[in-house]
Amino acid sequence: MTESTEVQVRHGVEADLDALTDLYNHFVRETPITFDTAAFTPQERRPWLLSHLEDGRHRLLVAQELDSGRILGYAASGPFRPKAAYDTSVEVSVYCAPDAGGRGIGTLLYEALFEALAGEDVHRAYAGITQPNEASVRLHARFGFTYVGTYREVGRKFGRYWDVAWYERPLGTDTNTSAGT
């Protein structure tokens, strides 16, 4: 990717499934960034893709080179936890192709994702970052995430245990955080 390459950020669609699966599988196979340990087939990844809508709390946005059509990365918001009281909280993530890192793709994706979520009934966004990952910590700090704690040695991958630092960001207009109201 050159500096002059134009990038479009748009909703993820089913036609993106193979490219998104390949991108994610790189991180499964090569990094501790995700705690999935076995690569996916596109069919196994399909329910994940279909769980993200063009509106609502759970979004999937992709960054695509306009000239080549190549997917450079994606950002997603999904359920934080499955119980109903967590509905207004989302977990967010961003993944960039290995050769697209450091070029502002993650920033473009998060800008679009948080703009899309601005009108939704979402109170907080959470991000779990496997440590160490300074680039991800910097990206999340740029978007107003603050550190809330670390789960120590919570996942085992590649023969070792990894810590996950958790970050949060307020979203929406509902700022009532007092108990019992």
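Each reported figure results from applying straightforward, stated rules to the coordinates on display, with no laboratory input. As the structure is a prediction and not an experimental result, all values here were calculated from the model. Here the Cβ positions follow ideal geometry from the backbone for every residue, glycine too, while neighbour counts run over all protein chains shown.
In table form, for the structure just shown:
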{"item": "Residue satisfying all of: in segment 39-54; in a loop (DSSP other than H, G, I, E, B) and either touching a residue at least 12 places away in the same chain (Cβ under 8 Å) or in contact with a Pro (Cβ under 9 Å, 6 or more places away or on another chain) (or both); farthest from Pro170 (Cα to Cα) among these", "result": "Thr41"}
{"item": "Pairs with Cβ under 9 Å, 6+ apart, first in segment 149-168 and farther than 19 Å from Val92 by Cα and in contact (Cβ under 8 Å) with a residue 24 or more places away in the chain, second hydroxyl-bearing (Ser, Thr, Tyr) and not in a loop (DSSP other than H, G, I, E, B)", "result": "Lys157/Thr130; Trp162/Thr130"}
{"item": "So Val9, is it at negative phi and touching a residue at least 40 places away in the same chain (Cβ under 8 Å)", "result": "yes"}
{"item": "Selection within segment 11-25 - surrounded by 14 or more Cβ atoms within 10 Å (Cβ to Cβ) and out of contact with any helix residue (DSSP H, G or I) (no Cβ under 6 Å at 6 or more places or on another chain)", "result": "His11, Gly12, Asp16, Ala19, Leu20, Asp22, Leu23, Tyr24, Asn25"}
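Residue-by-condition table, conditions (1) of a type in the set (Gly, Ala, Ser); (2) within 24 Å of Arg169 (Cβ to Cβ); (3) touching a residue at least 12 places away in the same chain (Cβ under 8 Å):
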{"residue": "Asp18", "(1), (2), (3)": "no, no, yes"}
{"residue": "Thr21", "(1), (2), (3)": "no, no, yes"}
{"residue": "His58", "(1), (2), (3)": "no, yes, yes"}
{"residue": "Leu72", "(1), (2), (3)": "no, yes, yes"}
{"residue": "Ser89", "(1), (2), (3)": "yes, yes, yes"}
{"residue": "Val94", "(1), (2), (3)": "no, yes, yes"}
{"residue": "Ala100", "(1), (2), (3)": "yes, yes, yes"}
